[in-house]
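Peer 1: Quick one: this structure, given as structure tokens, is what I'll be asking you about.
What follows is calculated from the coordinates using simple rules that are stated; it is not laboratory data. Since the model is a prediction, treat every value here as computed from it, not as a measurement. Glycine gets a Cβ as well: all are built from the backbone with ideal geometry, and neighbour counts include every protein chain shown.
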Amino acid sequence: MSSADAKPALNNLVNGELASAHLYWQAAGWCFDRHLDGCGEFLLAHADEELTHMRKMMRFMIDSDITIRLDALPEPAVDVDSVLALFEKILAHEQKVTDSIGHEVNKAQACGDHSTFEFLQWFVMEQRGEMKLFRDIVDRIKLIGDGPQALYFIDQEVAGIGASAAAMDQAAPNPTAVA
Ligand code: OFO
């Protein structure tokens, strides 16, 4: 491993946040096509949240004099045939994001980059919340069942989960927020 590889690669995480927003926009489109407007609105709002994560990371890089480099976005293929499969795909995506953040945290710790290590702790906890949110949605869909009769209830449930997650975020503002 070169010494460049040993350093935390925040560019990878910035690109990951943008890819998350890209996937959620496409997933929202999938929902609106099927008249699942509650799910669609939830995913649009979640894409906005991903952009705030990206911006937070970019601000840290700018303030730390780290060059920002954006990559081409992969096609956000939403090739699923049920709302359960859609949210399982999203949960798997969030697991990848969690793993990428953990990887960079390990590198920051290994190379003694305390500033980056501390900064990334916010993302570690954020991912914990993301995993819980999407696990809850998947569990709820499984409970309701995702047959045609259930779609209306699923749509309402996801809208409700999204609204309470947003209210909790507002009630507990991030103390490490970068202006
Ligand atoms: Fe940025 O939290 Fe989801 O990916």
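Peer 1: Quick one: length gained pulling Ala167 to Arg128 fully straight, 0.36 nm per residue minus the C-alpha distance?
Peer 2: Working it through step by step, the gained length comes to 12.3 nm.
Peer 1: If you don't mind, another one. Alpha carbon centre of region 60-110 versus region 121-164: separation in Å?
Peer 2: 19
Peer 1: What is the gain in length, in nm to one decimal, between Gln156 and Asp37 on full extension, counting 0.36 nm per residue of separation less the C-alpha to C-alpha distance?
Peer 2: 41.9 nm
Peer 1: So which chymotrypsin sites (Phe, Trp or Tyr not before Pro) in region 1-70 are both in a DSSP loop and have at most 15 other Cβ atoms within 10 Å of their Cβ?
Peer 2: Taking region 1-70 and a limit of 15 other Cβ atoms within 10 Å, no loop chymotrypsin sites (Phe, Trp or Tyr not before Pro) are found.
Peer 1: Counting trypsin sites (Lys or Arg not before Pro) as exposed when in a DSSP loop with at most 15 other beta carbons within 10 Å, what is the longest stretch of the chain free of them?
Peer 2: With trypsin sites (Lys or Arg not before Pro) excluded where exposed in loops, the chain gives 70-179 as its longest stretch.
Peer 1: Which aspartates and glutamates, on any chain, are close to Lys142 with Cα under 14 Å apart, when same-chain ones fewer than 8 places away are left out?
Peer 2: Glu88, Asp155, Glu157
Peer 1: Using only Cα atoms, what is the ratio of the radius of gyration of the chain to 2.2 N^0.38 Å?
Peer 2: Compared with the compact-globule rule of thumb, the chain sits at 1.10.
Peer 1: Quick check for you: which residues of region 123-141 have the amide N under 13 Å from the point 7 Å beyond the Cα of Ala92 toward its beta carbon?
Peer 2: none
Peer 1: To one decimal place, what Kirkwood hydrodynamic radius in Å is obtained for region 58-157 from all pairs of distinct Cα atoms?
Peer 2: That comes to 16.1 Å for region 58-157.
Peer 1: Follow-up. Strictly under 4.7 angstrom between C-beta atoms: which cysteines of the chain have no such partner?
Peer 2: Cys111
Peer 1: Now, a different point. Sort Cys39, Cys111, Cys31 so that the residue with the fewest other Cβ atoms within 10 Å of its own Cβ comes first and the one with the most comes last.
Peer 2: Listing Cys39, Cys111, Cys31 from fewest to most nearby Cβ atoms yields Cys111, Cys31, Cys39.
Peer 1: Calculate the spin-label point distance for Asp63 paired with Lys7, positioning each point 7 Å from the Cα along the beta-carbon direction, and give it in nanometres.
Peer 2: Taking the simple label geometry, Lys7 and Asp63 are separated by 1.9 nm.
Peer 1: Cut-off 10 angstrom, C-alpha nodes, Gaussian network model of the chain. Which of Met58, Met131, Met168 fluctuates the most?
Peer 2: Met168
Peer 1: Also, I was wondering about something else. Could you tell me, in Å, what Rg and Dmax come out for the Cα atoms of region 21-92?
Peer 2: Here Rg and the maximum Cα pair distance are 14.7, 46 Å.
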